[in-house]
Amino acid sequence: MPEWRSAVRGDFSMIKRSSLFSLLSLLLASGTALLSPAQAKEFTYDAKVNEAVARKLKIPVFFAVPASARAPLPQNINTPDRLIDFKHPDAAGAQGDVGLRLIMGKRAGLAKRLGKSGLIQTGDLLLSVRPEWGGAGAYPNVQMGVSHVGIAYLKDGVVHNLDNPMNAEFLGKQLRGDLTGGHYNSLNYIHVIRPRNLTDAERDNVLDWVTRLASSAKEVYPSQISFNDDYNAPKYKSGKPVEFVTHLGRVALRQNPPGNVGLYCSEFAWSLLALRQCDPDTVGDAFQRSGVPSCVKPIMEPLNATGSFVFRQSRSADAGLADGPLMVIESMKLPEEQRTKQLKAVFATNPAALAKLSTGHRKVAEDMQSSFTRLESYYLAVAGGGWSKSFARTSQFLFNRAVPDNYSPTSYLINTLLPTDNANRTMDYVATIAIE
């Protein structure tokens, strides 16, 4: 069952926009006055606002993240948008907060406001989030509602995006990459995930790489770089050189390498971040030689189907592609009855929610539903302890043997679920952009 753990291709169908987060209705419902720009400097919690947000979002608790996933924030946030510290009601009474930081604002002028806010940095990952996936079935639940990923960069004080496919659907008119493409205009929610410990020099390098590709997108896409819509076929092979990253670098340097490399969205982002230690102005000769330049370094180890963290919470433990909801639920340390209820909810199917998926996503969800029976048994066995752990370890071995190491869009979010001091933790959750 090689497909159950993969994320799906970015949702290319236009999804009817909804005003799920009408700021006006939220304020009316909560009875809370709008904060002035001078006051909107940090994410704040308000019980009435939290209740209203919960009603609007309608997401399962495993679509949110524990507080340990969060990145440090700048001391002075400059934005007129509302900053809300949302705590998921289903985590009330649990150990630690599980929720989201919400940046709530209008679509018009979003890229400029985000650029000035100090909340977005070059190299951040922009994860497309579909709350309507919640409860639709095991497949969208395991993906935690994430359907696509692009990479953010700051240019002239404005947030820009670069995605694969490098076309108007994702980059907008004239391929400006200013969050106005059809894909981003169909979104109401975007998780911002930050690679940890990028230096200023590395961010400068990433900015150089992405702007080179963005400026040449019309020439190189899809002739030299194309979109791979099969998330079951990553270019990464454990123990093999990452030649596909070298090819991407050569394309960006206008070296016109022979052939074509097809990358899906999360693989494209992974490859760009693998170039962070390569200065495009000085590495031209290294990229013209055979092999992979020494400056190319993976930003994150590709994930197995299931990881070891759920068995042993050591600093060297890792997470798996299918572990996201399990890790969120386990972080809450719920009583057994509540925990089992939440785990089973991951695998429940709501026909009304399933109908909200695009045709392509819905077909994958329906085709894969029967394959998740074994994964549900794995989840329950991990949580059960005792003899069931042995069953879970056997299942883990079979899953990991059948599925290649990969980096789905959700994998970046899953990485943030590891403890802050974990050696494999290379990502932090910054916030979720909530567009009204």
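The values are calculated or read from the model by the stated rules, or taken from the named source; none is laboratory data. Quantities reported herein were computed from a predicted structural model and do not represent experimental measurements. Note: ideal-geometry Cβ built from the backbone for every residue, glycine included; neighbour counts use all protein chains shown.
Scan Gly182, Gly157, Gly150 and give me the residue that is surrounded by 24 or more Cβ atoms within 10 Å (Cβ to Cβ) and either within 20 Å of Leu248 (Cα to Cα) or at pLDDT 95 or above (or both).
Answer to the selection: Gly150.
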Tell me, yes or no, whether the range 266-281 has at least one residue that is touching a Gly at 6+ places or on another chain (Cβ under 8 Å) and surrounded by fewer than 15 Cβ atoms within 10 Å (Cβ to Cβ). no
Under 8 Å between Cβ atoms, at least 6 apart or on separate chains: pull out the pairs that start in the range 382-408 with a residue that is at pLDDT below 85 and end on any residue that is among the aromatic types (Phe, Trp, Tyr). Lys389/Phe311
Can we say Ser370 is surrounded by fewer than 16 Cβ atoms within 10 Å (Cβ to Cβ) and either more than 21 Å from Tyr231 (Cβ to Cβ) or free of Cβ contacts under 8 Å to residues at least 40 places away in the same chain (or both)? yes
Just a yes or no: is a residue in the range 211-225 buried (at least 21 other Cβ atoms within 10 Å of the Cβ) and farther than 16 Å from Ala252 by Cα? no
Lys240 is checked against (1) within 19 Å of Pro302 (Cβ to Cβ); (2) within 22 Å of the chain's Cα centre (by Cα) and fails just one. What number does that condition carry? (2)
Note on the range 102-117: residues outside any helix (DSSP H, G or I) and in contact (Cβ under 8 Å) with a residue 60 or more places away in the chain are Leu102, Ile103, Met104, Gly105, Lys106, Arg107
Mind checking which helices (runs of 4 or more DSSP H) fall wholly inside the range 262-362 and carry at least 1 residues that are under 20 Å from the mean Cα position of the chain (by Cα)? 265-274, 324-331
Is it the case that the range 367-388 has a residue that's among the aliphatic types (A, V, I, L, M), under 23 Å from Leu413 (Cβ atoms) and touching a Pro at 6+ places or on another chain (Cβ under 9 Å)? no
Test: Ala383 is in a helix (DSSP H, G or I) and within 22 Å of the chain's Cα centre (by Cα): no
Can you find a residue that is modelled with pLDDT of 50 or more and within 19 Å of the chain's Cα centre (by Cα) anywhere in the range 25-41? no
Quick one: is Gly99 under 30 Å from Glu337 (Cα atoms) and assigned to a loop (DSSP other than H, G, I, E, B)? no
Would you be able to tell me the number of residues in the range 339-366 that are loosely packed, with under 15 Cβ neighbours inside 10 Å and either of a type in the set (S, T, N, Q) or without any contact (Cβ under 8 Å) to a residue 40 or more places away in the chain (or both)? 8
